[in-house]
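Colleague: Supplied in structure tokens, the structure appears directly below.
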Amino acid sequence: MKDEYYHKGLRKKMIAHLSEHGIIDEEVLLAMMSVPRHFFVDSAFSKTIYEEKAFPIGEGQTISSPFTVAYQSQLIELAPRMKVLEIGTGSGYQAAILAQLGARVHTVERQQKLYEKTKEFLAKISPGVRCFHRDGTLGLPEFAPFDRIIVTAGASEIPILLKNQLAIGGIMVIPVGQKTQRMIRITRRAEDSFQEEQFEAFRFVPFLKGKV
Ligand code: SAH
């Protein structure tokens, strides 16, 4: 895997596109400039991967488009050293971006093959990220509470177990809906008080129950 001059050029273009479309968080833009997105997909996509699209990563799953990754990364308002739970490891790209932003990342994947492949890959490229083969609807209770939770698959409803693994003051970003999803941000104000805000519409692969 090489990060060539032209890949950096493609990343610059991607960053320009993101900032023209409302991504204003400089830290997020910098992280996406420094992580080579083409490392996370088959080499057949190494030039096109910087376009605003989702790409196949095997097992019927996709790596989210650059805008989707940037949007979720911006919406969770990360600060360095925060403990973060990601649901849907997939290619590991979103996890690597969160780690680049200084988070302590725990990421959960239900598909065994993707889990194994990505765990091995992330150990080289982003060694601080901890990978788990789990059903994400259950969260990761033994590591809770989390400062931030980010769900990268489309949920039909907000899993209650996940909400309850947020620290007080913690934030969860989750796309909710059937065919298309609305991005929802949930802030835990107190033990029994959650604030919900709605943002733009997206299209994610489904958040499924159970691990395989
Ligand atoms: N964040 C990923 C996006 C992958 S697509 C990336 O950057 O590449 C969403 C992922 O969520 C898929 O890999 C899918 O297998 C996984 N997923 C779906 N339902 C899940 C569940 N219940 N628990 C854990 N992972 C799940």
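Just so it is clear, none of the values below were taken in a lab; they were calculated from the coordinates. Fair warning: this is a prediction, and the values are worked out from it, not measured in the lab. A quick note on method: Cβ atoms are made from the backbone with ideal geometry, for glycine too, and the neighbour counts reach across all protein chains shown.
Colleague: Taking a quarter of the surface of the convex hull around the Cα atoms of the chain, what do you get in nm²? Please report the intermediate quantities before stating the final value.
Modeller: Details: hull surface 42.3 nm².
So the Cα hull casts an average projection of 10.6 nm².
Colleague: What distance in nm lies between label points placed 7 Å from Cα along the C-beta direction at Lys2 and Ala123?
Modeller: According to this spin-label approximation, the distance is 2.7 nm.
Colleague: Same structure again: Taking the highest mean first, how do the peptides 196-205, 170-179 order by number of other beta carbon atoms within 10 angstrom per residue? Could you put the intermediate results ahead of the total?
Modeller: Values: 196-205: 14.4, 170-179: 19.7.
Ranked from most to least packed, the peptides come out as 170-179, 196-205.
Colleague: Here's something else I'd like to know. Between region 99-120 and region 138-161, what is the C-alpha centre distance in whole Å?
Modeller: When both Cα centres are located, 14 Å separates them.
Colleague: Once you charge only the Cβ atoms, +1 for Lys and Arg and -1 for Asp and Glu, what is the size of the charge dipole of the chain about its Cα centre, to the nearest 20 debye?
Modeller: Working: 28 positive and 24 negative charges, 91 e Å.
The dipole magnitude comes to about 440 debye.
Colleague: Are there trypsin sites (Lys or Arg not before Pro) in region 42-101 that DSSP marks as loop and that have at most 15 other Cβ atoms within 10 Å, and which are they? Let's see the in-between values first.
Modeller: Details: sites: Lys47, Lys53, Arg81, Lys83; in loops: Lys47, Lys53, Arg81.
Sparse-neighbourhood loop trypsin sites (Lys or Arg not before Pro): Lys47, Lys53, Arg81.
Colleague: Separation between the Leu138 and Arg81 pseudo-spin-labels, each 7 Å from Cα along Cα→Cβ, expressed in nm?
Modeller: In this crude label model, Leu138 to Arg81 measures out at 3.2 nm.
Colleague: Which of the pairs Lys12/Lys119; Lys12/Lys211; Lys47/Lys117; Lys8/Lys211 have their Cα atoms more than 31 Å apart in this structure?
Modeller: Flagged as over cut-off: Lys12/Lys211; Lys8/Lys211.
Colleague: Further, regarding this structure: Suppose only helical runs count, i.e. DSSP H with n ≥ 4. What mean residue ellipticity at 222 nm does that imply for the chain under -39500 (n - 2.57) per run, divided by all residues and rounded to the nearest 500 deg cm²/dmol? Numbers along the way, then the final one.
Modeller: Working: 6 runs with 61 residues, N = 212.
Dividing the helical sum by the residues of the chain leaves -8500 deg cm²/dmol.
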